[in-house]
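Student: Below: one structure in structure tokens.
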Amino acid sequence: AAGTTNAEKYEAKAVWREILNPSPPVRRMLITGCGIQCFQQITGIDATVYYSPTIFKEAGIKGNTQLLAATVAVGLSKTLFILVAIFLIDKVGRKPLLYISTIGMTTCLLGLSLTLAFMGNEKIGIGMAILAVCGNVAFFSVGLGPICWVLSSEIFPLRLRAQASALGAVGSRVSSGVVAMSFLSVSRAITVAGTFFIFSVISVFAIAFVHTCVPETKGKSLEEIELLFQNEGVWKGGEVEMGDAERLVQREQVGGNGMSDC
């Protein structure tokens, strides 16, 4: 029992050593996994959901009943489009949904910023603000919201998966806390419209991140996904030939047989 405990401790230390001093493939995995988790939050989704009554008041809605109805519409949009994502994620693929999500969020965030800045307290402005908030939540729920968790469970090899996924989750929660706790202070300093303009700019960077650092993993085996991160060009291109995957598997099998012979 003591020997088993010592072996587990050594294995855990080896995993953290590999994460903290990563090889190039592991570094690419960490960039993809932790980066997508952080972008999930710093594009302002929690600010949009938590402070939707504040946003709608800024747009010109005064009555509590109308505020409640608009807030309920936000929640319904989020729930409905999570269900849509469940049906589409294995049919359309991860990366196309991330493109749809981040581009749609950028458009809605920018639209909300412009609406609050130039059409506040107007009837059309109120309608556009509700549409932009519900649209932002819907686009988030169909892509960036659920897919970052799917990617985290796919891209890391089994030996690193628990610790690396946990590291990404920590980044997500810390980012969420920073956004949620700073929103009111920032919005008082630069207005709510200015805050959402910043979120829209961050969302543009999220599009670039998806294009550059997130490979398509739909329909790929663990060996093929691992091979995606072996070469930077393949990582950015997101495609891997079946022959390359077979060679990787054969190489690992040969390595395993060599160790067993020893």
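No value in this document is a laboratory result; all are computed from the given coordinates. Note that the coordinates shown come from a computational prediction; the quantities given were computed from them, not determined experimentally. Positions of Cβ are backbone-derived with ideal geometry, glycine not excepted, and every protein chain shown enters the neighbour counts.
Student: Give me the Å³ per residue figure for the convex hull around the C-alpha atoms of segment 1-117.
Tutor: Value for segment 1-117: 195 Å³ per residue.
Student: Each residue of segment 196-202 in order: what ³J(HN,Hα) in whole Hz does its phi give by Karplus 6.51 cos²θ - 1.76 cosθ + 1.60, θ = phi - 60°, with x for Gly and Pro?
Tutor: 6, 5, 4, 4, 5, 5, 4
Student: Give the order of Val15, Val179, Val72 when sorted by the count of other beta carbons within 10 angstrom, beginning with the fewest. Mind showing how you got there, number by number?
Tutor: Working: Val15 16, Val179 22, Val72 11.
Placing the least packed residue first, the sequence is Val72, Val15, Val179.
Student: Can you put Asp46, Asp90 in order, fewest other beta carbons within 10 Å first?
Tutor: In order of increasing Cβ crowding within 10 Å: Asp90, Asp46.
Student: Any of Lys78/Lys218; Lys57/Lys218; Lys78/Lys220 with alpha carbons more than 32 Å apart? Name them for me. Could you put the intermediate results ahead of the total?
Tutor: Details: Lys78/Lys218 24 Å; Lys57/Lys218 42 Å; Lys78/Lys220 29 Å.
Checking Cα-Cα distances, Lys57/Lys218 exceed 32 Å.
Student: Subtract the Cα-Cα distance of Leu80 and Leu20 from 0.36 nm times their separation in residues, and report this length gain in nm to one decimal.
Tutor: Contour length minus Cα-Cα distance gives 17.7 nm.
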